[in-house]
Amino acid sequence: VLFLLTEMSATPLTTLTHRRYTIIGSENEIEDIMKVQSNTRPIWFVFSGMGTQWPGMGEKLMQIPTFHESISKTAEILKEFNVDLVKIIMESDSNTYNNTINSFVGLASIQIALVDCLKALGKFVCF
């Protein structure tokens with residue numbers, strides 16, 4: 001299997017005309033194969049869900065100007081809803097994420113800011 005993966009990773013993507021995926025380990029296994037029409041491939045970002053946050057996880061990232069700017073923009077929007085995003089990120093403790101709003105808003109805002117950082121690097125086109 002390792003040999004096949006190594007060989008596959010060395011194959012130019014333009015020579016691969018089909019894409020396939022399989023979801024296993026569930027009641028209904030899902031499998032699909034589709035023909036690819038172009039040589040360009042979309043970039044997908046897959047993020048972790050609720051329960052993956054921890055106190056202080058975004059605190060050090062606030063030192064990155066693009067990250068800080070993104071969080072500040074989101075924080076400004078959330079003020080209308082009485083949510084202090086900067087406090088959630090910078091002053092979190094073991095009880096902060098027991099509140100579902102803090103948990104969801106903190107995690108989603110950090111993920112948005114990370115994508116903004118990737119966009120700033122100029123490596124990805126995001127819509």
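Below are the figures for this structure:
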quantity: Residue list for region 78-127, restricted to those being more than 20 Å from Ser48 (Cα to Cα), among the basic types (Lys, Arg) and not in a loop (DSSP other than H, G, I, E, B); calculated: Lys79, Lys87
quantity: Residues located in region 79-127, provided they are open to solvent by 70 Å² or more (accessible area, probe 1.4 Å), without any contact (Cβ under 8 Å) to a residue 12 or more places away in the chain and among the aliphatic types (A, V, I, L, M); calculated: Leu121
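Each row is one residue, and each column tells you yes or no for (1) more than 14 Å from Ile112 (Cβ to Cβ); (2) modelled with pLDDT of 85 or more.
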site	(1), (2)
Lys35	yes, no
Thr40	yes, no
Val46	yes, no
Gly49	yes, no
Trp54	yes, no
Ser72	no, yes
Glu76	no, yes
Phe81	yes, yes
Met90	yes, yes
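Quick grid of which residues meet (1) of a type in the set (Lys, Arg); (2) closer than 17 Å to Ala108 by Cβ; (3) surrounded by fewer than 10 Cβ atoms within 10 Å (Cβ to Cβ):
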{"site": "Leu2", "(1), (2), (3)": "no, no, yes"}
{"site": "Pro12", "(1), (2), (3)": "no, no, yes"}
{"site": "His18", "(1), (2), (3)": "no, no, yes"}
{"site": "Tyr21", "(1), (2), (3)": "no, no, yes"}
{"site": "Asn28", "(1), (2), (3)": "no, no, yes"}
{"site": "Phe45", "(1), (2), (3)": "no, yes, no"}
{"site": "Pro65", "(1), (2), (3)": "no, no, no"}
{"site": "Lys73", "(1), (2), (3)": "yes, yes, no"}
{"site": "Ile77", "(1), (2), (3)": "no, yes, no"}
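The values are calculated or read from the model by the stated rules, or taken from the named source; none is laboratory data. Here the structure is a predicted model, which means the values were calculated and not measured. Virtual Cβ from ideal backbone geometry, glycine too; neighbours counted across all protein chains shown. Ligands, DNA and RNA are stripped out before the accessible areas are found, and what is left, the full protein with its side chains, is counted by its heavy atoms. Shrake-Rupley method; radii C 1.70, N 1.55, O 1.52, S 1.80 Å.
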